Amino acid sequence: MRRSIATVCVSGTLDDKLTAAAAAGFDGIELFENDLVVSPWSPKEIRSRCADLGLSIDLYQPFRDFEAVPDPIFRKNRDRAERKFDVMAELGVDTILVCSSVSPESSDDDELAAAQLRLLAEKAQERKIRIAYEALAWGRHVSTWDHSWRIVQRADHPNLGLCLDSFHVLSRDVSPEGIAAITPGKIFFLQLADAPYLRMDVLQWSRHHRLFPGQGAFDLPGFVGLVLAAGYDGPLSLEVFNDVFRQSDPARTAVDAMRSLIALEDGLDDARSTQDRPIRRLPGAPELTGHSFTEFAVDGRSGPELRTALRGLGFTHTGQHRTKPVELWEQNACRIVLNSAVTRPGAAISAFAVASTDADRSLRRAEALAAPAHPNVREPGEAELAAIIAPDGTSVFVTRPDNDWRSDFLPTGTTPANTTGLLTTDHLGLAQPFDNFDEAGLFYHSVLGLEHLATEEYAAPFGMMRSRAIATPGRGVRLALTVALLRRGDWAPAVSDPQHVAFSTADIVATAAALTLPRLPVPDNYYADLAARFALDDDFVATLSRYGILYDRDTTGGELLHLYTPVLGGRVFFEIVERRNGYDRFGEPNAPVQMAAQRHQRLTTDDPA
C-alpha cells in the first residue's frame, strides 16, 4: 500500500515539507493549495522537485463551494475549475478534491448538485482528470458520506467519485458500515486522521484537534478495512490539521506520521490483504516481562542526595561499573542505576530498561517503526545494550530476561537486604514536552506494544494537567505520561518536567514504618475528605495519616495505597504503591495532593522552586 501525506500536516515552506516527507519514506503527497500559492516555485518546478525526491503528487486540494448554486455562480465556478485544471496539468496530478459546499448561495437540491458535478466531470474527462467529491462534516447541505455517495450515483459519470476522509465520516452519527458496499472503483481517494472524542463545534474540532492514526479514539483499522472492502486501491494518505504539528520540526512530524501509517497497516485484518496489495506486517511485539532498571543521571549535588534517599528506601549499593562512573543499587527486583558521567545539572531519568522475551525481535520492530536502536558505547567484554530513543530523549534499553547486563558491574561485596519490602518497579512517571505528548503515546504503543489504559485531566496547583496511563497486556511494564495542557509563563513555582519511579510492596504500612527517609507530609484536610468520600474506618484513616499514605478506590472495588517522597535533585521523586483487588490505574485523583504537598515541603527547604 502506498503512503501519502498532505502538505498541510507539517510545518514550514513547501520545500521543508517535501524534504521531510521524502526523508520519512512517503511515496507521495497531497498538495494543499495554500502551499502552492505561497511557493516561489512554478507548478512545473514543484513537479520536478517532487520527482527528484521520489514523491508523486497524488491529489490537489481543496476546491470549494462548487455545486448546487445558481447558474451565474456555476459558470464562474466552472471557469475557476478550468484554471485549476491548467495548474494540475503542470503539476502532473490527475485528481482534485472537491468539498461539499458551505456557501450560503448553495441550495438543498441533490438533483442540481449532481447535474453540476456531472458537467464538471465531463470537463475533467477532457483533461484526463478525476473529481473526488468529499462531504465536509460541516457542509451546508451535504455533510455525511452516504449523502455524497447518493449525489455521485445520481451524477453517474466515470470521472466523478468519492473522497472519504475518516474524520468527516467518523465525527458524524451516520454508520460507516455501508462503505463496504460502495461500487468498486468509485472511491477515488482516502484521507486518514484520528482525533479524541470532543463535544465541540465540528469545524473547530477538525481544524485544531486532528491527530495521526493511533493517537486518538477513532477505529481507523475498522474504517480502512471497510474502504478496502469496497475495492479501493489508492494510497493511504494523511490529512491532519493540528496546531502543534504546524509549529513543530517538519522532519520529526513526518517520522511520527509515517510511524502511524506503518502501525495502522499492521493493524488491518488479514482479509484485507491481497496478492496485488499485501499488508506489510511488523515483527510482533514480544512480551515485556518487567522493568530491568531505571537510570538516573546525577551531578555532584544530586548524586549524594539520591544515594541518601535510596538508603532510606532500603536499597543497597551492590555494583560499580567496570569502566564508567555508574553505580547499581538494588532491593529484590527493584534496580536503580546512578550515572555520574552525564553532564547535566540536577537529577533526571536519563534511561530505563525493559526485559523482553525476544530482545532481537523488539529491536527489529522498533527499526521497522522508524525508531532504530543505537548501540551503547562499551569496552570489550561488556554487555551490548542497544537504546531506542523515546520522543522526550529518554533512552529505552531492551534487555534479555537473564539480566546479562549486570555482569558489567563489579560486586561491592554488600549483600542486598530486604529491609523495607519493596518488590518490583511498578511504573515510571514521565513528564513529556508539550509538543510531543501524543507522539510519545504512539511511540510506546506501536514500538513497545503498550496498551492505552486511560487518559485523565485534572486541575493541579499550577494549571491543568493531562495524564495517559499505558501498560503491557500482562502489566509487566507500566508508564504514566503527563503533560501541562498550556505552556507555562514566567511564574510557575512547580517542578519542571517531574519524573518518578514507583516501587511495589505487598504491605505499604509495614514498608512505611521501615523507611528511614523523610516522608511527604499530607494535610489533615485530605484525610477528612477521604473518610467522607469512601466511608473508611476511622482507625484505617488514622493509619494512612500517620504514614502519609494516599488512597484511591475504583468502581470495581480495586484499591490503591501509595506514598511519595519529597522532590530530589530538582525534579525526581519516588513512590511506593500497594495494589489491592486488581486496581489498574495510577491514583490520578491524588496527583494534585501530591504536587501541593511537594510544593509545601520545598517551601520549608532552601529550594523554594
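The values are calculated or read from the model by the stated rules, or taken from the named source; none is laboratory data. Just so we're clear, the structure is a prediction, and the values are computed from it rather than from any experiment. For neighbour counting, all protein chains shown are included, and Cβ atoms are generated from backbone atoms with ideal geometry for every residue, glycine included. Just the protein is used for accessible areas: all its heavy atoms, side chains included, with ligands, DNA and RNA removed. Shrake-Rupley method; radii C 1.70, N 1.55, O 1.52, S 1.80 Å.
Quick check on my filter: what residues within region 577-609 are touching a Gly at 6+ places or on another chain (Cβ under 9 Å) and crowded, with 17+ Cβ neighbours inside 10 Å?
VAL577, ARG579, TYR583, ARG585, PHE586, GLN594, ALA597
Which numbered condition trips up GLU439, out of (1) out of contact with any Ser or Thr (no Cβ under 7 Å at 6 or more places or on another chain); (2) open to solvent by 40 Å² or more (accessible area, probe 1.4 Å); (3) acidic (Asp, Glu)?
(2)
ILE262: modelled with pLDDT of 95 or more and buried (at least 16 other Cβ atoms within 10 Å of the Cβ), yes or no?
Criteria met by ILE262.
Listed here are the residues, each with its yes/no results for (1) more than 27 Å from ARG571 (Cα to Cα); (2) among the acidic types (Asp, Glu); (3) assigned to a loop (DSSP other than H, G, I, E, B).
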| site | (1), (2), (3) |
| --- | --- |
| ALA383 | yes, no, yes |
| THR420 | no, no, yes |
| ASP435 | no, yes, no |
| LEU442 | no, no, no |
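For region 396-408, state whether one or more residues are within 21 Å of MET258 (Cα to Cα) and either open to solvent by less than 10 Å² (accessible area, probe 1.4 Å) or assigned to a loop (DSSP other than H, G, I, E, B) (or both).
yes
For region 238-295, what are the residues that are β-branched (Val, Ile, Thr) and within 17 Å of the chain's Cα centre (by Cα)?
Result: VAL240, VAL244, THR253, VAL255, ILE262.
For region 321-374, what are the residues that are out of contact with any helix residue (DSSP H, G or I) (no Cβ under 9 Å at 6 or more places or on another chain), closer than 24 Å to GLN432 by Cα and in a helix (DSSP H, G or I)?
LEU363, GLU367
Name the residue, out of ARG130, ARG172, ARG154, ARG150, that is without any contact (Cβ under 8 Å) to a residue 60 or more places away in the chain, open to solvent by 50 Å² or more (accessible area, probe 1.4 Å), on the phi < 0 side of the Ramachandran plot and in contact with a strand residue (DSSP E or B) (Cβ under 7 Å, 6 or more places away or on another chain).
Exactly one residue qualifies, and that residue is ARG130.
Among the listed residues ASP497, ASP529, which satisfies the condition of being of a type in the set (Asp, Glu), farther than 26 Å from THR394 by Cβ and either under 23 Å from the mean Cα position of the chain (by Cα) or open to solvent by 20 Å² or more (accessible area, probe 1.4 Å) (or both)?
After applying the criteria, what remains is ASP529.
Do you know which of the residues in region 16-43 that are in contact with a helix residue (DSSP H, G or I) (Cβ under 7 Å, 6 or more places away or on another chain) and charged (D, E, K, R) is nearest to VAL93 (Cα to Cα)?
GLU30
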